[in-house]
Amino acid sequence: MKIGKRLKNTRKYLGLTQAQFSSGIVTESFYSRVENGRSNISMSKLIELLNYHHVSLYDFFEPAFEGNIEQQAILAFIDRDCERLKDYKPMNERQEAVVDLMISILGGWKGSSSYSHEPTALTDYLKHSENPEKNIFAWCLLAYLCEIDEVATVVDKVVLALPVYSDDFSWRILVNTLITCLQRFYQAGMQAQALITAQLIDAIPPRSVLVLEHLVAKYYLNLLQGNQDQAAGIRRLLQVNNYDRLLAFTD
């Protein structure tokens, strides 16, 4: 189910007109286009709308937190490749909801810590999920969506999960979740936490599938330690290989 259709269903459930639901957060005409699939709403405006109407992120995106999604889509998301995600063909409405959420995050998230979630995405997830540790991709999503003061909890959960998994795919998800946490700390000016997280990633034993993640961690380590020339060199290396999008949320 597309985000516009999901918004429409939520609005009708609340018994509101489009003008009432848009609430001045976005214009009524823009909101109408979103519902009809002709415009895309940013993640920040979506969260603002949901907060205003006291709709939790968990209730809105429940399939994303509990459902499974194929590796192809997850890899596109952790590679931050929005075009690959848009080309992905979901097999059912549950997968479609997850892909919509991932595209919204990549299209609208800038690492901001200014959103006020009540209740928060992390609290929502922990409250509703009986076994949150089993869905490691949910932590990958929550690293983007939770409050900045909850990011440390995500880091702790990932650190606990790392010894449990041995396959490369799970490790890519978990380490990329740490990368997102690192970038959110850095964006928020929390340099001590960012440095600890970068050192944590850098200390992870090398795996061929984690080469990019280690490069990104070294980029931030050099930035945080004042080694601007080394950081610039790593950035150029990522740019040459078209992977500088992995640093996009810091720019």
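Just so it is clear, none of the values below were taken in a lab; they were calculated from the coordinates. Small disclaimer: the values here were computed from a predicted structure and weren't measured. Because the Cβ atoms are built from the backbone with ideal geometry, glycine has one as well, and the counts that use them run over all protein chains shown.
Output needed for region 10-56: three equivalent-ellipsoid semi-axes, defined as square roots of 5 times the C-alpha gyration tensor eigenvalues, in descending order, whole Å.
15, 13, 10
Which distance in nm do the two modelled labels at V55 and S29 give, with both placed 7 Å along the Cα-to-Cβ direction?
Taking the two extended label points, one gets 2.3 nm.
Can you tell me how much longer the chain between Y243 and N92 gets when fully stretched, taken as 0.36 nm per residue apart minus their C-alpha distance, in nm with one decimal?
The Y243-N92 span can extend by a further 51.3 nm.
Roughly how compact is region 157-251, stated as its Cα Rg over 2.2 N^0.38 Å to two decimals?
1.03
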